[in-house]
Each structure stands twice: as structure tokens, then as C-alpha cells.
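Report on the following structure.
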């Protein structure tokens with residue numbers, strides 16, 4: 001007998017019929033002998049309805065956060081009561097709690113509160129009485145008794161935090177996809193569902209994973225070593241287990257797979273300063289004003305200096321490109337740099353896998369595969385479990401497919417993944 | 001400077017526009033130098049929407065009460081956040097609380113909980129900071145932290161209970177009528193708005209007053225001596241003050257008015273047993289089984305016995321008539337009564353006024369006025385401040401108008417009251 005926390009998002013509880021589906025999954029786990037805690041989001045569309053009312057009332061884009069959080073928290077409160085009613089109707093004893101009732105204590109950073117402590121007492125009591133416990137996701141309460149919310153995707157965080165507090169054996173995140181894939185199946189039709197992936201790989205696959213799981217929840221799960229499983233609300237299947245490196249490997253498999261998957265990001269733009277006098281501190285002088293303007297920088301590459309001059313390239317989100325370029329021009333002038341230019345027509349491809357740590361040759365195999373397709377690499381950056389390259393955006397599909405094939409990630413049976421509308 | 005509790009019902013907060021109207025009334029009172037606490041209900045239609053979801057989820061007419069109360073409580077929670085946002089937008093510092101946040105402690109009788117205690121600390125602190133305090137009506141919290149609701153019209157009760165706990169100078173109940181009238185203006189177009197009325201009169205005028213104020217709130221206000229004022233949300237005007245007998249009488253007026261108003265009730269039906277052997281305990285033998293079946297009895301009349309036989313008549317709600325008749329027939333047979341019959345075509349008229357206590361001749365003036373119109377009186381029952389008669393329902397309008405005129409209740413300037421759709 002295990003203790004399982006199950007989380008269902010807004011589209012999984014979007015109607016009474018779908019809530020019945022959720023109830024059946026919870027009961028199925030209960031009947032398999034497990035203790036079950038279910039975390040749910042607001043019904044699809046409800047948060048938007050409440051936001052609209054708030055904007056109408058406050059007539060500003062940012063209504064007062066304390067009241068907004070209390071308002072939005074009603075969305076999940078509605079869902080937990082309905083799910084509990086359905087569970088009881090289907091014969092399963094159940095009990096529901098708001099975040100404040102559990103006592104999910106958070107700080108007072110309304111709309112992006114952080115969980116500080118969870119009181120697990122009432123949940124444990126209910127589980128001992130054989131009840132399925134239903135908890136409102138996304139919400140907590142601060143020390144003053146004000147209701148807080150955890151921000152976008154906060155229900156995932158609630159589920160993981162509850163799993164950690166209860167020492168759950170697994171935290172199951174039900175979504176509208178059936179697991180984590182080696183890459184986006186819309187780009188590579190033979191993309192394969194991964195049976196397991198490590199927390200680190202999942203974090204590095206953010207640009208794929210963010211559609212499936214809130215990064216914050218993955219970090220949280222990693223920190224507290226809560227095994228996470230991503231499954232489909234609508235189809236049967238084992239999903240993808242996200243776990244610690246080396247844990248729960250299938251029998252007979254002695255090694256981590258080399259590569260877990262390929263991520264890509266079309267949202268970046270590239271900025272370059274050419275002919276910067278190469279003195280100590282130039283990187284800080286270039287990036288300081290960018291950071292001060294709260295613009296996040298992703299990749300940074302500096303070439304070796306040539307005749308006392310060097311080139312410097314970095315990437316930012318496309319939305320920040322114009323602002324970053326303006327700042328960079330001023331800065332370049334001040335530094336006596338020769339030229340500044342930028343490019344928004346790029347894409348970043350990343351190869352991710354804990355296995356690459358102990359395998360030489362991953363990088364060269366990657367560069368070979370791209371060269372074979374005639375794809376020019378503009379920037380390279382590496383970390384322990386990731387190699388990223390920037391290429392022309394027109395090569396996104398071609399490059400991703402080439403790498404998927406080169407690292408033998410294609411579905412072994414050559415199946416093409418059916419992709420639901422997103 | 002006074003402390004005023006203002007309560008606005010569902011139709012007064014039915015849209016953002018109407019909530020703005022509520023905010024303006026609160027700000028007006030604040031600017032007049034008063035401390036203001038506002039109690040609001042769920043937006044019109046919201047409770048019905050939530051009930052529909054609950055019935056769909058539970059697939060029973062009575063969903064589990066703990067979850068239902070939590071579900072319904074979200075309705076008022078939405079309103080308090082929106083009102084607070086509007087108040088702040090209009091420049092008035094404000095703060096809102098759910099019943100649980102104030103700590104309106106109730107028993108655990110879900111859907112009809114009774115208030116046991118109110119913690120006034122945070123409200124007092126906010127008032128001292130110059131804030132308008134907005135509180136969710138209708139809801140509380142029990143000792144276990146479960147959310148409870150106070151039942152239909154519970155927001156009135158919340159307002160009065162808060163006013164009592166805070167020692168408020170006045171509890172203002174805003175409704176869609178502009179006060180309490182001498183009788184229903186749809187029946188008597190010259191009905192007059194009362195400037196004041198006593199708690200006792202208001203209670204006896206229940207059948208009129210229930211459309212304006214929850215009886216339970218009036219009882220509560222009377223018990224804790226909280227002056228209540230009924231006003232219109234949509235029109236300016238002083239409304240009707242409900243207060244203790246003799247308090248706050250206008251200068252120059254030495255006496256209570258003779259009659260406060262005329263109530264009527266079309267919802268009763270009459271049941272009669274004829275020729276019951278007159279022995280001690282017959283009333284108990286007749287009414288015992290009725291009470292056991294949870295049927296509420298209103299008027300009871302027993303005529304003096306004649307040749308060892310007596311007649312016995314009582315009234316019940318029309319909805320209970322069939323059941324009551326069935327029980328009565330069985331009982332009459334057992335008792336050897338001669339005959340049983342009933343009548344659903346009746347109406348009860350009641351003359352109400354604390355002034356009648358010290359004035360002889362009210363009853364005879366009432367009977368004369370009805371006789372003058374050829375109206376036959378079927379039953380009479382009296383209390384200290386009320387005389388009720390049962391007459392044929394076809395005489396409802398004629399009888400009410402005759403009494404209204406006989407007791408000089410008509411509007412002195414002969415105005416006809418404009419009645420909004422109800």
C-alpha cells in the first residue's frame with residue numbers, strides 16, 4: 001500500500017462529466033489499496049471569468065493582490081466541493097479542504113506566494129479513516145489569515161508540496177498529454193514517450209516540459225526527492241516517471257540512456273558586439289546595463305581576442321530584443337566598439353541527458369549530424385548535461401529531426417505520435 | 001460619529017455597476033464621519049448557478065451539507081473582493097473578510113448554522129485605520145474550521161450579529177423596497193411607508209415583512225437591541241427604523257400610533273372537526289399526530305361545547321393541507337367525531353400595533369369595518385398586539401382596504417405608492 005498524491009488541472013475538471021472521470025481515477029487507486037490525496041485546479045474558464053470581473057471592478061490591469069487572490073481562490077474551492085460530492089455519489093468516502101483549511105502556510109507575496117509549511121494532521125486523520133482527501137490547489141494562507149495564491153501552475157506546486165509533507169510514494173500529475181517526449185511530436189512525428197527521466201533532465205528540457213509541468217514543481221520535487229509521474233487524464237498508460245538519477249532503473253538496464261531528449265526554443269534573439277577593445281571587465285560592462293534593465297540573458301559567448309579586440313554575443317527573449325539593442329548600442333559607443341548587430345531569426349536546439357556526462361563524443365556527433373544537413377552553427381554553449389546550439393530558425397525542423405535520428409531517439413517501432421491540439 | 005453596519009442583498013450587488021452604487025453609499029456614510037462596515041450577499045443568480053452545479057455533481061436534491069456550504073460560501077467571497085476593489089478605485093481605503101477570516105464562529109448545523117461568537121478585533125483595527133470593512137454575509141466557520149452557512153436570508157443575520165458584536169449605532173438593511181409599509185401597496189395603493197415600527201410589530205407583520213427582512217434577523221436585532229433600518233438600495237430616503245417600543249419617538253408625539261399595519265396571508269388552509277365528544281385532552285389528541293408529522297399549525301380555535309360536543313378548527317400551510325387532512329380523518333374516526341371538513345379558499349388578515357394594548361375598541365372597530373362591507377368572519381384569534389381574522393379569500397383586497405381606511409392608515413396626502421415588480 002502506497003500513498004499517492006494525484007493532481008488534475010483545469011481542463012481535466014472542466015465539466016461535471018470530466019470531474020466524474022477524475023473521481024473514477026482516484027477510486028481506482030483507492031481500490032488498488034493506496035491512500036489517495038487529490039489536488040485540483042479551478043474548472044477551465046473559471047479563472048478567466050473571475051479575472052474579467054476583477055478587471056471590471058478595479059478598472060486596472062493589476063487589481064489589488066490581496067483581494068484578487070481571495071477572489072481567484074474561489075475557483076478551486078468550487079472544484080473541490082463538486083469532486084467530493086461526485087466521489088460520495090460513486091460510493092467513496094471523501095473530504096475536501098481549501099488551502100487555508102489544510103493550513104498550507106505561505107508567505108504574503110500575493111499572486112506568487114511561496115509555501116512555508118504544511119500541516120499534515122487532518123489529512124492523515126482522514127486517510128486513516130479510509131477517506132479520499134481532496135485539496136484545493138494553487139492556494140494557501142499567510143500568517144495573518146489572508147488567502148494567497150501560488151501563481152500560474154501553482155496547483156502542481158501544491159501537489160508536490162503535499163506529497164513532500166506527507167512523504168508520499170508518488171506524485172501523479174494528470175495532464176492532457178500522456179507523458180514527456182524525446183522532443184515535440186509536432187516537429188518530429190516519431191518522437192518517443194520516455195518511461196523515465198531525471199529531475200535535472202526535466203529541468204533542462206524546460207522548453208518542452210513547461211507545457212507539461214511547472215518548472216517550479218519539478219525543482220520542488222527534486223529538492224524533496226518526491227517521485228513525480230506525468231500521465232494523461234483521458235487515456236490509460238504509465239506516463240513518464242521523473243525521478244532521481246539512477247533510481248528505479250528498469251531491470252537489465254545497467255546504464256542511463258545517453259540522451260533523454262531534444263529541446264528547442266524559438267523565443268530567443270541574438271545580439272552581437274564586434275570589435276570590443278579586450279580589457280578585463282568588458283563582459284560586466286556590456287551585460288551590467290542589460291541586467292539593470294531587468295532583461296534576462298540566456299546564452300553568452302565570447303570569442304578569443306584577436307589583435308586586442310574581441311567579439312561578444314548573447315541571447316535574450318524576443319520580447320526584450322528592442323530594449324536590449326538600444327542599451328547595447330549606447331554601451332558599445334561608450335566602449336568604442338566597432339559594430340553592433342542583432343538577429344531575431346534564430347532558434348536554439350538543446351541536447352539533454354545525464355548520460356552525456358560519462359560519454360565522450362556527444363558534442364562531435366551532434367555537430368556532425370547538423371553539418372551533414374548543411375546547417376551552420378552560430379553559437380555553442382554547454383553544461384554538464386546539455387549542449388545547446390543556435391542555428392537559423394528555418395532549420396528548426398530539419399535540425400531537430402537530424403539529431404533525433406542521430407541519437408537513436410526515434411520510436412523503435414517507427415510509430416508516429418498522434419498529437420492532440422494544444 | 002457613529003458606527004454603522006450596512007447590508008446589501010444579491011440584487012443590490014448583481015453587477016459591477018450596482019456594486020459601484022453600493023460603494024458610493026458606503027463612501028457617503030464614511031464621508032459623513034461614520035465608521036462603516038458593509039455586509040454583502042452573493043451576486044444575484046450566483047447562488048442558483050452554484051446550486052445547479054452541486055445538484056449535477058451530487059445527483060440528489062440534497063447534496064452533502066458540509067461541501068454544499070463551502071461551495072455556496074464562494075458566492076459572497078466573490079462579492080466582497082469585487083466591492084473592495086471598487087471602493088479602492090473610488091479612493092476609499094477598504095479591506096474585506098470572509099466569515100471565517102473575521103471569525104464568525106457558528107455551530108456545525110450546515111446550511112442553517114447559528115452564530116455563537118464573533119471576534120470583533122480585526123474589524124475594530126481596520127475601522128481605527130479609517131478603512132471601510134467589507135464582510136461576507138451568510139457564512140461562518142465552525143470549531144473544526146469547516147465553512148458553514150446561515151440559511152436563507154442569512155446575510156441579514158450576519159449584519160445584525162456584527163452590529164451587536166460591534167455595538168453599532170444602526171444596522172441598515174438595503175433592499176429593493178424603500179421601507180416597511182402599513183400594508184402591501186399592491187393591494188392597497190394608498191399604503192404608507194412607516195417612519196418607525198417596533199420589533200414586536202415587525203415580527204407580527206411577518207407576512208409583509210418577510211419580503212423585506214428575515215424574521216430571524218429581526219428577532220436577533222430585538223434581542224440585542226440593535227436599531228435596524230430598512231432602506232432602498234436604489235432610491236434616496238430615510239426608510240423605516242425598527243426599534244424598541246417608545247425609543248426614538250418623534251418630538252411632540254406622546255403616544256405610540258394605534259395600529260402599525262395590516263398583514264395578510266394567503267398561504268393557509270383551514271381544517272375543522274365537528275361534533276367531537278368534549279373531554280379533557282381532546283386538543284392534544286387532535287393536534288398530537290399533526291405535530292408528530294412535523295406539520296406547523298398556525299391558528300387554533302375551539303368553540304365552547306354544546307350538549308357535550310365541541311368543534312375544533314385550525315390552520316396549516318396550504319402545502320401541508322392534504323397530509324394534515326389525511327391524519328385528521330383517521331384521528332376523527334378514532335375519536336368518534338361527527339364530521340371533518342377543510343377549506344383552502346381562505347385568507348388571514350391581521351391588524352398589528354403595540355398601541356392596541358392600551359386602547360379598547362380596536363377589535364370592535366375592526367369587526368364593524370368588515371361587517372360594513374358584508375364580509376363574514378370565519379375565525380378570530382388575538383394576541384396582545386395583533387388581532388387576526390380568517391375570511392373568504394375573495395375578500396382579501398376589499399377587507400384589507402376597508403381596515404386600512406378604518407384605522408386611518410392611508411397616506412395623508414392621498415399618494416399612491418408606485419410598486420416595483422417583485
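Could you sort A:6-15, B:355-364, A:352-361 so that the peptide with the highest average Cβ count within 10 Å comes first and the rest follow in order? Spell out each step's value before the answer.
Working: A:6-15: 22.4, B:355-364: 13.4, A:352-361: 17.1.
Averaged packing, sorted descending, gives the order A:6-15, A:352-361, B:355-364.
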(request) Once the label point is placed 7 Å from Cα along Cβ, list for residue A:236 the distances to the corresponding points in the other copies, in nm, shortest first. (result) 7.2
(message) How large is the convex hull of the C-alpha atoms of segment B:3-255 per residue, in Å³?
(response) 133
(request) Compute the acute angle (0 to 90°) between the alpha-carbon long axis of helix B:282-292 and the principal axis of greatest extent of the alpha-carbon atoms of chain B; round to the nearest 10°. (result) 40
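At a Förster radius of 41 Å, what calculated FRET efficiency corresponds to the Cβ-Cβ distance of residue B:394 and residue B:169, to the nearest 0.05?
0.30
Quick check: residue separation of residue A:360 and residue A:322 times 0.36 nm, minus the Cα distance between them. What number comes out in nm?
9.7 nm
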(request) Could you line up A:212, A:301 from fewest to most neighbouring Cβ atoms inside 10 Å? (result) A:301, A:212
(message) Nearest 10 degrees is fine. How inclined is helix A:362-372 to the longest principal axis of chain A, computing both from alpha carbons?
(response) 70
(request) May I ask you to derive the FRET efficiency for residue A:334 and residue B:224 from their Cβ-Cβ distance with R0 = 51 Å, giving the value to the nearest 0.05? (result) 0.10
(message) I want the antiparallel fraction of DSSP beta bridges within the protein assembly as shown, as a percent rounded to 5.
(response) 60
(message) Once the label point is set 7 Å along the Cα-to-beta-carbon vector, what list of distances in nm do you get between residue A:326 and its counterparts in the other copies?
(response) 8.1
(message) Could you work out the percent of alpha carbon pairs in segment B:308-422 separated by over 23 Å, rounded to a whole number?
(response) 47
(request) Rounded to the nearest 500, what is the 222 nm mean residue ellipticity of chain B from helices alone, with -39500 (n - 2.57) per DSSP H run of 4+ residues and division by all residues? (result) -10500 deg cm²/dmol
(message) Please report the residue of chain B with the smallest beta-carbon distance to the B-to-A rotation axis, and give that distance in Å, no decimals.
(response) B:74, 2
(message) Between helix B:16-31 and chain B, what is the angle of the helix's C-alpha long axis to the longest principal axis, kept within 0 to 90° and rounded to the nearest 10?
(response) 80
(request) Would you please state the base-10 log of I(q)/I(0) at q = 0.15, 0.19, 0.20 1/Å for segment A:34-98, with intensities from the Debye formula using one equal scatterer on every alpha carbon? (result) -0.56, -0.74, -0.79
(message) Once you place label points 7 Å from the Cα toward the Cβ at residue B:307 and residue A:381, how far apart are they in nm?
(response) 11.2
(request) Could you quote the convex hull projected area for the protein assembly as shown, Cα atoms only and averaged over all directions, in nm²? (result) 47.7
(request) With a cut-off of 13 Å, note down the residues of segment A:140-183 whose backbone N falls inside the zone around a label point 7 Å from the Cα of residue A:51 toward its beta carbon. (result) A:151-154
(message) 7 Å from Cα along Cα→Cβ at both residue B:300 and residue A:285: what's the point-to-point distance in nm?
(response) 10.2
(request) Wrap a convex hull around the Cα atoms of segment B:14-124, take a quarter of its surface area, and give that in square nanometres. (result) 7.7
(request) Report Rg/Rh for segment A:353-397, rounded to two decimals, where Rg is the Cα radius of gyration and Rh the Kirkwood radius. (result) 0.98
(message) Antiparallel versus total DSSP beta bridges in segment A:3-252: what percent is that, nearest 5?
(response) 25
(request) Assign one of three labels to segment B:82-195, namely rounded, prolate or oblate, based on the Cα gyration tensor with a ≥ b ≥ c the square roots of its eigenvalues; rounded applies when a/c is under 1.5, prolate when it is not and a/b is larger than b/c, and oblate otherwise. (result) oblate
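Considering only DSSP beta bridges whose two residues both sit in segment B:1-119, what percent are antiparallel, to the nearest 5?
Around 35 percent antiparallel, to the nearest 5.
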(request) Shortest first and in nm with one decimal, please list how far the residue A:309 label point sits from its counterparts in the other copies (point 7 Å along Cα→Cβ). (result) 12.8
(request) Work out the FRET efficiency for residue B:119 and residue B:44 from their Cβ-Cβ distance, taking R0 = 51 Å, and round it to the nearest 0.05. (result) 0.95
(message) Distances longer than 36 Å among the Cα atoms of chain A: what percent of all pairs is that?
(response) 37
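Each reported figure results from applying straightforward, stated rules to the coordinates on display, with no laboratory input. In this text the structure is predicted, and so the values were computed from the model without any measurement. Backbone-built Cβ (ideal geometry, glycine too); neighbour counts: all protein chains shown.
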